[in-house]
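Here's the structure we're looking at; comments come further down.
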Amino acid sequence: MAAQTILFDFTLDKDKTGDEKQRQDVAKILRNELEHIFPQLELAYCMESPENGYFAVLHENKDTVITVRIFQHGLLTLNVEYFLPEGKEPVLSFETMRTMELILRQKFDSDRSKYLPPIKRGGYIDNYMTSTDERIIEYDIDKVVYEARSPFQKIQIMHSKTLGNMLLLDELQNIAESDLIYTETLMCRGAENYEGKEICILGGGDGALLYELLKENPKHVVMLEIDELVMQACNKYLSVICGDVLEKRKTDQYEIIVGDCVDYLKKFIAEGRKFDYVFGDLTDIPITDTPEGETWDFIRTIFEHSFQVLKPDGKYLTHGNGSTCTVGLRLFEEQLELLRPKVKFTTTKAFVPSFMEEWLFYQVTFA
């Protein structure tokens, strides 16, 4: 169940909407056509002003509400909104919407028109997320598989018809069953040799990176993940990407430590422990204009400690953000350039199915 909002836009000759009488004539045509679909339509409110044009609110039985704006510049917008209970048929079918758009376009002699399928608002399942360049992405989520709140974050696993089960943390998409390319690009599969190497994963609670690295026959992997509940949920509902690695916390090949990765990095530094690879599988690069705030401070802390536990010929590998997030990526690279001893980096890209955009990954070594 959710509120359904359907949007229609029409571009008219501005000579037909320039004054109050012309706008009233357009509104009359519109209402006549709407009454074919909504025969009990009533006018609830109407306002006209030289600056803002025509605005009206109509309704049918107070269930379906229609708002209309006719701008003096030649733009008409029409919004239809109603509540759709579970199992009920929508008020407007796709065929009705398309027919309605074509008829009104003809009646208005409109150059351009457009309608959007129903935007579902306020339902239990949230199908909408945003890309890194602030585009709205609609997912084909059909059920909530798991939902809980840990001491650190909100955890959800949703099922998508095309992407499989998806992990969301604080309502941000993290990984899905479709996203092997994400993990393979993060680890530079085929370009890096992990056999016999010692590896540290910072984060990685979904288990996907650990699962894929173990296939490369490393000497040992230690994973530092703060949220036990994330691992429990992924072990149960995302075994496609993590296998059974989250079943045990310690084997001959790997150890999963539940705790703050910064605390354990400090411990490793004090012990003089070194790794061939350190993976930053933590927070994304923030989308900000300046490298300020708690997340940026955390990123700098991770840098400071990670490079102290890297061997001289070791590598730090991490994900960045969407490749369109140019400002955030540039700020991230500027932070890398400030590190001492100096480092150098390369990048790789991959289109991640569940992100629905191209993602950037970093490979950092001592200069």
| field | Criterion violated by Tyr316 - all others in (1) open to solvent by 70 Å² or more (accessible area, probe 1.4 Å); (2) touching a residue at least 12 places away in the same chain (Cβ under 8 Å) satisfied | value | (1)
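Quickly run through segment 172-184 and pick out the residues that are among the polar types (S, T, N, Q), touching a residue at least 40 places away in the same chain (Cβ under 8 Å) and either open to solvent by 30 Å² or more (accessible area, probe 1.4 Å) or in contact with a His (Cβ under 7 Å, 6 or more places away or on another chain) (or both). First the steps, then the outcome.
In the first step, residues of segment 172-184 are kept if they are among the polar types (S, T, N, Q); the result is 173-174, 178, 183.
Now restrict to residues that are touching a residue at least 40 places away in the same chain (Cβ under 8 Å): 173, 178, 183.
Matches in segment 172-184: Ser178 only.
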| segment 326-343, residues that are in a helix (DSSP H, G or I) and either in contact (Cβ under 8 Å) with a residue 24 or more places away in the chain or in contact with a His (Cβ under 9 Å, 6 or more places away or on another chain) (or both) | Val327, Gly328, Leu329, Leu331, Phe332, Glu334, Gln335, Leu336
| Qualifying positions in segment 185-214 - touching a strand residue (DSSP E or B) at 6+ places or on another chain (Cβ under 6 Å), open to solvent by 10 Å² or more (accessible area, probe 1.4 Å) and over 27 Å from Tyr146 (Cα atoms) | Thr185, Lys197, Glu198
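Going by the conditions given, is Thr290 among the hydroxyl-bearing types (Ser, Thr, Tyr) and within 21 Å of Ile201 (Cβ to Cβ)? Write out each step before concluding.
Details: among the hydroxyl-bearing types (Ser, Thr, Tyr): yes; within 21 Å of Ile201 (Cβ to Cβ): no.
Answer is no for this residue.
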| message | Given the criterion within 18 Å of Ala208 (Cα to Cα) and either touching a helix residue (DSSP H, G or I) at 6+ places or on another chain (Cβ under 9 Å) or at pLDDT 95 or above (or both), identify the matching residue among Thr301, Thr288, Thr346, Thr283. | response | Thr283
| query | Just for segment 279-306: of the residues that are free of Cβ contacts under 8 Å to residues at least 12 places away in the same chain and within 19 Å of Asp170 (Cα to Cα), which one is surrounded by the most Cβ atoms within 10 Å (Cβ to Cβ)? | reply | Gly293
| field | segment 5-21, residues that are assigned to a helix (DSSP H, G or I) and within 14 Å of Lys107 (Cα to Cα) | value | Lys16
| task | Just need a number here: residues in segment 69-80 that are open to solvent by less than 50 Å² (accessible area, probe 1.4 Å), among the aliphatic types (A, V, I, L, M) and farther than 20 Å from Ser93 by Cα. | result | 2
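Filter segment 55-74 down to residues that are in contact with a Ser or Thr (Cβ under 6 Å, 6 or more places away or on another chain) and at pLDDT 95 or above and give me whichever is nearest to Phe38 (Cα to Cα). Give the derivation first.
Keep residues of segment 55-74 that are in contact with a Ser or Thr (Cβ under 6 Å, 6 or more places away or on another chain), which gives 57, 69-70, 72, 74.
Add one more test, that the residue is at pLDDT 95 or above, and what stays is 57, 69-70.
Values: Val57: 14, Arg69: 18, Ile70: 20 Å.
That would be Val57.
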| note | The residue that is nearest to Thr283 (Cα to Cα), considering only those in segment 210-261 that are under 23 Å from the mean Cα position of the chain (by Cα) and free of Cβ contacts under 8 Å to residues at least 24 places away in the same chain, is Gln232
| request: Kindly indicate which of Ile37, Ile6, Ile29, Ile66 is of a type in the set (Val, Ile, Thr) and over 25 Å from Arg121 (Cα atoms). | output: Ile29
| request: Output yes when any residue across segment 95-116 is at positive phi and under 30 Å from the mean Cα position of the chain (by Cα), and no when none is. | output: no
| query | Which number in (1) in contact with a helix residue (DSSP H, G or I) (Cβ under 7 Å, 6 or more places away or on another chain); (2) over 28 Å from Thr346 (Cβ atoms); (3) hydrophobic (A, V, I, L, M, F, W, C) marks the one condition that Ala208 misses? | reply | (2)
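The values are calculated or read from the model by the stated rules, or taken from the named source; none is laboratory data. From a predicted model like this one, the values you see are computed outputs, not experimental measurements. Reconstructed Cβ throughout: ideal geometry from the backbone, glycine too, with neighbour counts over all protein chains shown. These accessible areas exclude ligands, DNA and RNA; they are computed on the full protein's heavy atoms, side chains included. Shrake-Rupley method; radii C 1.70, N 1.55, O 1.52, S 1.80 Å.
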